[in-house]
Amino acid sequence: MSDAEPPTQDTPPPSRAGVGETFDAIVARRWSRRAFVRDSLLAGLTIYLPSVHKSGIADAGSRMAFGHVASTQGDVMAVADGHRLSVLLRWGDPLFSDAPPFDPWRQSAGAQARQFGYNCDFVGYFPLPRPSETPDHGLLVVNHEYTNPELMFPGYRDGAPTAEQVAIQQECVGLSIVEVVRGKGGDWRIVLDSPLNRRISATTSCQISGPAVGHTLFRTAADPVGRTVRGTLANCSAGRTPWGTVLSAEENFQDVFGNRDKLLPASEDLVNHMRVGVPAGPSRFGWERHDPRFDVEQNPREPYRFGWVVEVDPYDPTWVPRKRTALGRMRREAANSVVSKGGQVALYSGDDTAFEYVYKFVTRGRYDRINRIGNRDLLDYGTLFVARFNADGSGAWLPLVFGQGPLTRLNGFTSQAEVCINTLRAADLVGATKMDRPEDIEIALDGTVFIALTKNAQRGAPGFARPDAANPRSLNKHGHIIELHEDGGDHAGRSFRWSLFIVCGEPGDPSTYFAGFPANGGISRISCPDNLAFDHAGNLWIATDGQPDAFGINDGLFGVPVDGPERGRVRRFFSSVAGSEVTGHSFTPNDGTLFLSIQHPGEGSSMAAPSSVFPDGVSPPRPSVVAIEHVLGLPIGSAPPPAPAVGG
Ligand code: FEO
Ligand code: CA
Ligand code: CA
Ligand code: CA
């Protein structure tokens, strides 16, 4: 989601309230890294800034031979020397031959349901055939997070969409699954009418599974048994399972619901919807004006049906998407998985709202490498945990289990289903650490877990939680990245060690930290880390969301080794166009192609006067997936070809 600060809530939810933090002395002074270390020591706290990384990722940094590109402003894009970029999929591109070509002046919901959606976010490359490591033929699974109606519809009236505009938007969100192939010339193209091409939208039937299936809070007039949801939306980022399905995360679902203030004061629904930020009055997108499903007064249970991880099998169009309630309900950025030593699957997620939490789910059963179908129900049984980051560099995974600790009838919980539905309230009660907007969480080749905290301008502000060891900056404008090591290397375990990997900002600013790499060593300034991904050599790539506000420059994509002598040396690889954020970066198995989403180009402007005309040079701008390759066919991030000798 674009990164204006999150929508204002009428009252801070409980997790935002500043209780019991102990860093007054630190915050009172102008914070600097040196001062922070000193103050932390004085306060008896350990700030965890390791200088040397562990493990054995051979030559992880050697790929990172590109020269950083300069930042851009305005409608200007730049990619590292030696790399070329092509546009693969744009909003409105037909995925089927029965869909009309894109025409912003003649849109319809029926057409959009057969075309590529809006505001592409997560991109996942799934090789064909399965299983294989094919680098030039596969499926792209793309999330479509939300809409910018002001850039989509000629003459759009903010707050007063037409019924047709609402119906089109409902078909714009969700997911696209598209077969793609790389031709001999090196250009990627889509396979029109592939039987694997699909659109999943806010109107596609999804099944509910796990502990909350059938719960009374799920029951609506349209679904009196609480087992089937119409649609998925707010699909921000995602992850993949070891068995090759996608876990698409529904993030800011509250933006399409309105009229919470019409609910009875102090009613259960009102309290629950407040906690997840459903607005009191009209919604951001005004869908409730034409679709009663999104009017909380008429359908007070509908918001419970969103905020989930949705599992989709890109290889099987007949398999109905599943909303996995065991993983909890939140405004979730993504869900990334790893198989633990014992064979259980661990999934890491963050709720990207200020002062929300980091979560882990561990399956009860073990991953079956042989029998893919045998993993179908794995995500319905297991334990959900939320993280507490201690000031001494240790940490604990606190179970969110009905009947344990405070999660009892005394505090309004009568079943695990309610813990899963009202996960944020459960996490408040167990004493989890309030974080600076947890975005993507990715697992390195050696098992280290990297957590992007995008920023939090409210940290330390009056009435809000103060800085703490894991969120050390007041009014955190630039965000930071934490690395987490599970104790004993066990992803199914309950304790960990953590440290700061990068504290973002302008190198040389004493409040920044780049894993110990010298500030004058050629580091690019970076702000607001959001999506993360590793290439197959183990290098971390960071996409940003918020640099226009932080630095007055466009958002971009950055590469950084997490090991070796260049560990912490962040370099800008790509700078995007005006108003856009970079999301969904994903590598083919040979690292030969990097797919990227250019999300919301031109955001903040209008269709009549757009700040961006990406990608076609005309209005409206179109969110697009691009493919980046090295001109010599080398892995992404390799050095540019030598400059030709100048002839005499
Ligand atoms: Fe949709 Fe957390 O970004
Ligand atoms: Ca973001
Ligand atoms: Ca994001
Ligand atoms: Ca990711």
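Brief remarks follow.
- Against the test of being surrounded by 24 or more Cβ atoms within 10 Å (Cβ to Cβ) and touching a strand residue (DSSP E or B) at 6+ places or on another chain (Cβ under 9 Å), the options SER511, SER597 yield a single qualifying residue, SER597.
- Taking the criterion of being in contact (Cβ under 8 Å) with a residue 60 or more places away in the chain and either within 16 Å of ligand 3 (Cβ to nearest atom) or among the charged types (D, E, K, R) (or both), the residues of region 148-172 that qualify are ASN148, GLU150, GLU171.
Residue-wise test of (1) of a type outside the set (Gly, Ala, Ser); (2) surrounded by 19 or more Cβ atoms within 10 Å (Cβ to Cβ); (3) touching a helix residue (DSSP H, G or I) at 6+ places or on another chain (Cβ under 8 Å).
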| position | (1), (2), (3) |
| --- | --- |
| LEU263 | yes, yes, yes |
| SER267 | no, no, no |
| PRO300 | yes, yes, yes |
| PHE306 | yes, yes, yes |
| GLU311 | yes, yes, yes |
| PRO314 | yes, yes, no |
| ARG331 | yes, yes, yes |
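- Those residues of region 417-457 which are away from ligand 1 (no atom under 16 Å from the Cβ), of a type outside the set (A, V, I, L, M) and either over 28 Å from GLY488 (Cα atoms) or open to solvent by less than 10 Å² (accessible area, probe 1.4 Å) (or both), in sequence order: GLU418, CYS420, ASN422, THR423, ARG425, THR448
- Filtering region 274-296 for residues that are surrounded by 21 or more Cβ atoms within 10 Å (Cβ to Cβ), in contact (Cβ under 8 Å) with a residue 40 or more places away in the chain and within 14 Å of ligand 1 (Cβ to nearest atom) leaves a non-empty set.
- Complete set of residues in region 534-568 that are open to solvent by 10 Å² or more (accessible area, probe 1.4 Å) and in a strand (DSSP E or B): PHE534
- Of all the criteria given as (1) in contact with a strand residue (DSSP E or B) (Cβ under 7 Å, 6 or more places away or on another chain); (2) closer than 23 Å to CYS236 by Cβ; (3) away from ligand 3 (no atom under 16 Å from the Cβ); (4) of a type outside the set (Gly, Ala, Ser), the one not satisfied by ASP351 is (3).
- Residue within region 202-210 that is out of contact with any Lys or Arg (no Cβ under 9 Å at 6 or more places or on another chain) and either in a loop (DSSP other than H, G, I, E, B) or surrounded by 22 or more Cβ atoms within 10 Å (Cβ to Cβ) (or both) present: no
- ASP98 under 23 Å from TRP188 (Cα atoms), assigned to a loop (DSSP other than H, G, I, E, B) and at pLDDT 95 or above: yes
- Filter result for ASP440 (closer than 21 Å to MET330 by Cα, of a type in the set (D, E, K, R) and within 16 Å of ligand 4 (Cβ to nearest atom)): yes
- Applying the criterion of at least 1 residues that are away from ligand 3 (no atom under 16 Å from the Cβ) and touching a Ser or Thr at 6+ places or on another chain (Cβ under 9 Å) to the strands (runs of 3 or more DSSP E) found wholly in region 411-502 leaves 438-443, 480-486.
The values are calculated or read from the model by the stated rules, or taken from the named source; none is laboratory data. All values derive from a computational prediction rather than experimental measurement. Methodologically, a virtual Cβ is constructed for each residue, glycine included, from the backbone with ideal geometry; neighbour enumeration extends over all protein chains shown. Side chains are part of the model used for accessible areas, which takes the heavy atoms of the whole protein and leaves out ligands, DNA and RNA. Shrake-Rupley method; radii C 1.70, N 1.55, O 1.52, S 1.80 Å.
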